[in-house]
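A.B. asks: Let me give you the structure first, and then I'll get to my questions.
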Amino acid sequence: MRAAAALALATGCGVRRAPNVVLVSIDTLRADHLRSYGYARDTSPEIDRLAAHGVRYAHAYVPASWTLPSHVSLFTSQPPSRHSVRDDRIALPPRATTLAELLSAAGYSTAGFVSWVYVGAAYGLGQGFDVYRERLRALGHAP
């Protein structure tokens, strides 16, 4: 199923040119403080502009209450019970297939830019990206 979804994205869902894919994930950002979600103050002009020209979801559901297992699930399309990354002593195993790998195989150039340790390469989340740049705040530990 996830391969089919990536293939649909990569083939442009029936259009001639494959669409650009930009995934923005901001840890602990409240949607109710973004104008594109109805907030009155102009707190997020760039995010609002991106939302106006892209796909904006009204609801999002996560498989875990914190960053690391949720992002591993986002990148692998697997729940924590399957990928087994439930705490910060465990990294995504290299045998796992990531969205970046599927998009790369479909001809996309992939890049990731992260600034939080729990989405860093040490946890396997750089797997499959052509470019993966980190500016991390140290927590003093890694897997």
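The values are calculated or read from the model by the stated rules, or taken from the named source; none is laboratory data. Predicted model only: the values in this text are computed from it and were never measured. In this analysis, Cβ positions are derived from the backbone assuming ideal geometry, glycine residues included, and neighbour counts consider all displayed protein chains.
A.B. asks: May I ask you to verify whether V119 is touching a Leu at 6+ places or on another chain (Cβ under 6 Å) and at pLDDT 95 or above? It would help to see each step written out before you state the result.
C.D. replies: Values: touching a Leu at 6+ places or on another chain (Cβ under 6 Å): yes; at pLDDT 95 or above: no.
In short, no.
A.B. asks: With the requirement that a residue be touching a Ser or Thr at 6+ places or on another chain (Cβ under 8 Å) and more than 26 Å from L136 (Cα to Cα), what does region 15-50 give you?
C.D. replies: Initial filter on region 15-50 (touching a Ser or Thr at 6+ places or on another chain (Cβ under 8 Å)): 18, 27, 33-36, 44, 47-48.
A18, R35, S36 - these are the residues of region 15-50 that are touching a Ser or Thr at 6+ places or on another chain (Cβ under 8 Å) and more than 26 Å from L136 (Cα to Cα).
A.B. asks: Which of the residues belonging to region 1-40 are hydroxyl-bearing (S, T, Y), at pLDDT below 85 and surrounded by 12 or more Cβ atoms within 10 Å (Cβ to Cβ)? Outline the logic, then answer.
C.D. replies: Taking region 1-40 and keeping what is hydroxyl-bearing (S, T, Y), we get 11, 25, 28, 36-37, 39.
Right, trim to at pLDDT below 85 and you get 11, 28.
Once the filter is applied, which keeps residues that are hydroxyl-bearing (S, T, Y), at pLDDT below 85 and surrounded by 12 or more Cβ atoms within 10 Å (Cβ to Cβ), region 1-40 yields only T11.
A.B. asks: Can you name the residue in region 31-51 that is more than 30 Å from P79 (Cα to Cα) and of a type outside the set (D, E, K, R) and, of all such residues, is nearest to the chain's Cα centre (by Cα)? Talk me through it step by step, then tell me what you get.
C.D. replies: Residues of region 31-51 more than 30 Å from P79 (Cα to Cα): 35, 38-46, 49.
Subsequent filtering for residues that are of a type outside the set (D, E, K, R) retains 38-40, 43-45.
On the way: G38: 24, Y39: 24, A40: 27, T43: 22, S44: 20, P45: 21 Å.
Taking the candidates together, the pick is S44.
A.B. asks: Considering only region 102-120, state which residues are under 13 Å from H71 (Cβ atoms) and in contact (Cβ under 8 Å) with a residue 24 or more places away in the chain.
C.D. replies: Selection gives W116, V117, Y118, V119.
A.B. asks: Return the residues of region 71-101 that are more than 14 Å from L125 (Cα to Cα) and touching a residue at least 60 places away in the same chain (Cβ under 8 Å); say none if nothing qualifies.
C.D. replies: Answer for region 71-101, where residues must be more than 14 Å from L125 (Cα to Cα) and touching a residue at least 60 places away in the same chain (Cβ under 8 Å): there is none.
A.B. asks: Sort through V55, V119 and tell me the only one that's closer than 26 Å to A18 by Cβ, in contact with a strand residue (DSSP E or B) (Cβ under 9 Å, 6 or more places away or on another chain) and of a type outside the set (D, E). Can you show your working first?
C.D. replies: Numbers: V55 fails: in contact with a strand residue (DSSP E or B) (Cβ under 9 Å, 6 or more places away or on another chain).
Criteria check complete, one pass: V119.
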